[in-house]
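Below is one structure, written out as structure tokens; the observations come after it.
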Amino acid sequence: MIFDFDLDGTISFDGKSISLELLESLTELSLKNQLIFASARPIRDMLPLLSAFPKELLIGGNGSIARNKQQQIEIVQPISAHDFC
């Protein structure tokens, strides 16, 4: 299965850490499933919070940036102001 988690307010409540209990659960879940972490943050700001998951997919910048399992930035597509109007 594929599980997608938002960071802020979902798995991190202070914006700086993930509880040990939740980290253990996510680690166990990742053994047999694909995890994806998403955030409005840029990828570089997600990395410190997700150091326990170096190979998982990351989607940052409100969907404008993605990092694949090879740790390469796969998509960099700015969201235009027109899309918000």
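The values are calculated or read from the model by the stated rules, or taken from the named source; none is laboratory data. Because the structure is a prediction, the values reported are computed rather than measured. No Cβ is skipped: glycine too gets one built from the backbone with ideal geometry, and neighbour counts run over all protein chains shown.
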Selection status of Leu50, among the hydrophobic types (A, V, I, L, M, F, W, C) and either closer than 26 Å to Asp83 by Cβ or part of a helix (DSSP H, G or I) (or both): no
Sole residue being more than 13 Å from the chain's Cα centre (by Cα) and part of a strand (DSSP E or B), chosen from Ile59, Ile36, Ile75: Ile75
Residues (among the basic types (Lys, Arg), surrounded by fewer than 16 Cβ atoms within 10 Å (Cβ to Cβ) and closer than 16 Å to Asp8 by Cα) located in region 28-77: Arg44
Close pairs (8 angstrom Cβ cut-off, 6 or more residues apart or separate chains): under 11 Å from Leu7 (Cβ atoms) and without any contact (Cβ under 8 Å) to a residue 24 or more places away in the chain in region 40-61, in a loop (DSSP other than H, G, I, E, B) and among the basic types (Lys, Arg) anywhere: Gly60/Arg41
Residue among Ile11, Ile43 that alone is among the aliphatic types (A, V, I, L, M), at pLDDT below 95 and touching a strand residue (DSSP E or B) at 6+ places or on another chain (Cβ under 9 Å): Ile43
Search result, residues across region 23-33 that are in contact (Cβ under 8 Å) with a residue 24 or more places away in the chain and not in a loop (DSSP other than H, G, I, E, B): Leu23, Leu26, Thr27, Leu29, Ser30
